[in-house]
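In what follows, a structure is listed as structure tokens, so that the remarks can point back to it.
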Amino acid sequence: MTQSASSHPVGIIGGTGLTSLSELTIVGEESVSTAWGEPSDKLVHGRLGDQAVVFLARHGNPHRIPPHQVNYRANLQALYNAGARTVVGVNAVGGIHHQMGPAHVVIPHQLIDYTWGRASTFFEGDLEHVTHIDFTHPYDLAGRELLIAAACELQLGFSDFGVYGATQGPRLETAAEIARMERDGCDLVGMTGMPEAVLAAELGMRYLCLGLVVNWAAGKSDHIITMAEIDEAIEQGMTGIKRILERSMAGLGQLSPLPTSS
Ligand code: HPA
């Protein structure tokens, strides 16, 4: 059967500060299990405007699973099984680039992976052949254009570029680690961008990141990082993230599934 693009719900993975999406008209919740175990929380099926959406809280709701213990494989597989072929990951991040201070919205275009010890591929175990997927562009190019257009229309201050450095956590970085990441070319730092992006790619899904800067990265300001600062930036910036999601949803739902995805 040939499915039309709009019959696929868009997956949204909410991170720190986005454990639920009140703008969603909820049509049902579903506890699911996958071959890789259980996802972080129930899938919430709903509509954002006219677009069908499946929402998943990356850290559970309430927020209880640390970044290095998220079952990323189960999360992506659950969204895939629910029909999603495009996924937007919302990520709280630290700002390294001088334009990317607290409450700033970023639509990254590249990433560097510094995580270790995480289950980061579906292609292991009892394999018939070894698979190396192309990962040149970790964030879907067509989808990024839609997010960028939505942010422009809303006249939000945002950055349409950014190299996301994914660190292991759960601790924050040292100033020297951030200085090294900056030399590497990272603009942002977060703990959840990988392996989420690569697992989506392995499933043939379009994957996008919508980043909200919640603190200056270590050594980038004259003070240490506090939860109060992070909470304040989430309070200020999450409305913009939600408005971009609402505005871009119909377009994201119309994107055709990638040819590799069934
Ligand atoms: N470092 C890593 N992850 C983060 C940060 C940070 O400064 N802020 C939010 N997530």
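The values are calculated or read from the model by the stated rules, or taken from the named source; none is laboratory data. Predicted model, so just to flag it, every value in this text is computed and none were measured. Neighbour counts run over all protein chains shown; Cβ positions are idealised from the backbone, glycine included. Calculation scope for accessible area: heavy atoms of the full protein, side chains included, ligands and nucleic acids excluded. Shrake-Rupley method; radii C 1.70, N 1.55, O 1.52, S 1.80 Å.
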* **Heavy atoms of TRP36: accessible area, 1.4 Å probe, square angstrom to 10** => 80 Å²
* Hey, what do the phi angles of the range 186-200 turn into as Karplus ³J(HN,Hα) couplings, whole Hz, using 6.51/-1.76/1.60 and θ = phi - 60°, x for Gly and Pro? -> 6, 9, 9, 9, x, 10, 10, x, 10, x, 3, 5, 6, 5, 4
* Using the Kyte-Doolittle scale, find the helices of the chain whose mean hydropathy is at least -0.5 and whose Cα atoms extend 20 Å or more along the helix's long axis, counting only whole DSSP H runs. => 227-254
* To do: Calculate one ³J(HN,Hα) per residue across the range 207-222 by plugging θ = phi - 60° into the Karplus curve 6.51 cos²θ - 1.76 cosθ + 1.60, and present them in order as whole Hz with x for glycine and proline.
  => 10, 9, 10, 10, x, 10, 6, 10, 6, 6, 4, 3, x, 9, 9, 8
* Lys and Arg at +1, Asp and Glu at -1: add these up for the other residues within a Cβ distance under 15 Å of GLU202 and post the number. => -1
* To do: With a bin width of 5 angstrom, please list the P(r) values of the range 10-253 as percents of all Cα-Cα pairs, from the 0 bin to the one holding the largest distance.
  => 1, 7, 15, 20, 21, 17, 12, 5, 2, 0, 0
* Asked: Which order do peptides 240-247, 203-210 fall in by mean Cβ count within 10 Å, highest first?
  -> 203-210, 240-247
* To do: Report P(r) for the range 135-243: all Cα-Cα distances, bin width 10 Å, range 0 to the bin holding the largest distance, values in whole percent.
  => 12, 39, 37, 11, 0
* Distance in nm between label sites at ASN81 and GLU153, each 7 Å beyond Cα in the beta-carbon direction? -> 3.5 nm
* How far, in nm, would the chain grow between GLU38 and SER22 when pulled straight, counting 0.36 nm per residue and subtracting the alpha carbon separation? -> 3.4 nm
* Solvent-accessible area per residue for the chain (1.4 angstrom probe, square angstrom) -> 45 Å²
* When the dipole is taken about the Cα centre of the range 10-253, and only Lys, Arg (+1) and Asp, Glu (-1) are charged at their Cβ, what size is it in debye, to the nearest 20? -> 160 debye
* What is the magnitude of the charge dipole of the range 27-119 about its Cα centre, with +1 placed on the Cβ of each Lys and Arg, -1 on the Cβ of each Asp and Glu, and no other charges, expressed in debye to the nearest 20? -> 120 debye
* Roughly speaking, to the nearest percent, how much of the range 10-253's 1.4 Å accessible area is carbon and sulfur? -> 50 percent
* To do: Before anything else, pin down the relative contact order of the range 10-253: Cα pairs under 8 Å, at least 6 apart, normalised by residue count, whole percent.
  => 27 percent
* **Interchain or long-range residues, amide H under 5 Å from ALA92's placed H** => THR16, LEU212
* Structure fact -> Summing +1 per Lys or Arg and -1 per Asp or Glu among the other residues with Cβ less than 14 Å from HIS63's Cβ gives 0
* Structure fact -> Percent antiparallel among DSSP beta bridges confined to the chain, nearest 5, equals 35 percent
* Structure fact -> Two pseudo-spin positions, 7 Å from Cα along C-beta at HIS223 and at ARG183, lie apart in nanometres by 3.0 nm
